[in-house]
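Undergrad: Handing you a structure now.
The values are calculated or read from the model by the stated rules, or taken from the named source; none is laboratory data. From a predicted model like this one, the values you see are computed outputs, not experimental measurements. Neighbour counts are summed over all protein chains in view; Cβ atoms, including those assigned to glycine, are modelled from backbone coordinates with ideal geometry.
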Amino acid sequence: MSSPVPPSPPMPLTAALPDPAAIAAAAPAPVVAPPVTALLADSVRDVAVIDTAVRLAGPRRAPLLIVVALPQHPHPPPTPEADEYAARLVMARVLPRVRRSGLAYLPVTHRGTSGGTRLRAAGGVLDVVARHRSPVVVAATGGPPRLDARTLAEAAALRGAPFVHAVTPAGWVPPPLRLAPAG
């Protein structure tokens, strides 16, 4: 005959509360919206491009992927320090607007390769955008010859993504002339 199983101890009436740090660690990470890409090409149009990108990303609180397209260089290629310096000069024009918006941003430098077709040059930018999983690219219509919005849209249509939002900056209008009253 076997011995009887001893009874289990009684359950306490007050259970221990779980540790708040353990709850926070077990909670899923917040979902971040995919970034909106702004293609900057070292021109006056960059301000209109970044303003449009901020307007598109703002309501969703999506981060900005800022791609600085540097011009192609013949041999020998420039040093990484030179590329970084050139990209900082381009970013200096738009960063005050980005910081004012309060959105997160990720700057990326892209130097095109010499040779190839215009669609291949646009494809290089779209490769950078695809690596960061951005569904929207904002570019100027009068951008560099091989990286304007129309060429990007054509290359994106051949790939099936992303959507290219074309920005046509308004022309400069002089302020109204104020004449002094006669007399």
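Undergrad: Filter the range 130-183 down to residues that are aliphatic (A, V, I, L, M) and part of a loop (DSSP other than H, G, I, E, B) and give me whichever is farthest from the chain's Cα centre (by Cα).
TA: That would be 182.
Undergrad: Condition check: farther than 18 Å from residue 36 by Cβ and out of contact with any Asp or Glu (no Cβ under 7 Å at 6 or more places or on another chain). Does residue 146 satisfy that?
TA: yes
Undergrad: Search the range 54-66 for residues that are assigned to a loop (DSSP other than H, G, I, E, B) and pair each with any residue that is among the β-branched types (Val, Ile, Thr) when their beta-carbon atoms are under 8 Å apart and the residues are at least 6 apart or on different chains.
TA: 62/32; 62/36; 63/32; 63/36
Undergrad: Another question, if that's okay. Given the conditions (1) at pLDDT 90 or above; (2) out of contact with any strand residue (DSSP E or B) (no Cβ under 9 Å at 6 or more places or on another chain); (3) closer than 22 Å to residue 151 by Cβ, which single one is not true for residue 96?
TA: Evaluating residue 96 over (1) at pLDDT 90 or above; (2) out of contact with any strand residue (DSSP E or B) (no Cβ under 9 Å at 6 or more places or on another chain); (3) closer than 22 Å to residue 151 by Cβ leaves (3) as the failure.
Undergrad: May I pose another question? Just give me the residues in the range 134-157 being touching a residue at least 60 places away in the same chain (Cβ under 8 Å) and surrounded by fewer than 22 Cβ atoms within 10 Å (Cβ to Cβ), in sequence order.
TA: 135, 136, 142, 144 - these are the residues of the range 134-157 that are touching a residue at least 60 places away in the same chain (Cβ under 8 Å) and surrounded by fewer than 22 Cβ atoms within 10 Å (Cβ to Cβ).
Undergrad: Looking at the range 95-110, is at least one residue surrounded by fewer than 14 Cβ atoms within 10 Å (Cβ to Cβ), over 13 Å from the mean Cα position of the chain (by Cα) and either within 23 Å of residue 71 (Cα to Cα) or in contact (Cβ under 8 Å) with a residue 60 or more places away in the chain (or both)?
TA: no
Undergrad: Return a yes/no flag: does the range 168-180 have any residue that is surrounded by 13 or more Cβ atoms within 10 Å (Cβ to Cβ) and without any contact (Cβ under 8 Å) to a residue 40 or more places away in the chain. Outline the logic, then answer.
TA: Filtering the range 168-180 for residues surrounded by 13 or more Cβ atoms within 10 Å (Cβ to Cβ) gives 169.
When the remaining residues are screened for being without any contact (Cβ under 8 Å) to a residue 40 or more places away in the chain, the result is none.
No, every residue in the range 168-180 fails to be surrounded by 13 or more Cβ atoms within 10 Å (Cβ to Cβ) and without any contact (Cβ under 8 Å) to a residue 40 or more places away in the chain.
Undergrad: Okay, next question. Just one of 130, 139, 104, 121 is modelled with pLDDT under 90 and of a type in the set (Gly, Ala, Ser); which is it?
TA: That would be 121, the only listed residue that is modelled with pLDDT under 90 and of a type in the set (Gly, Ala, Ser).
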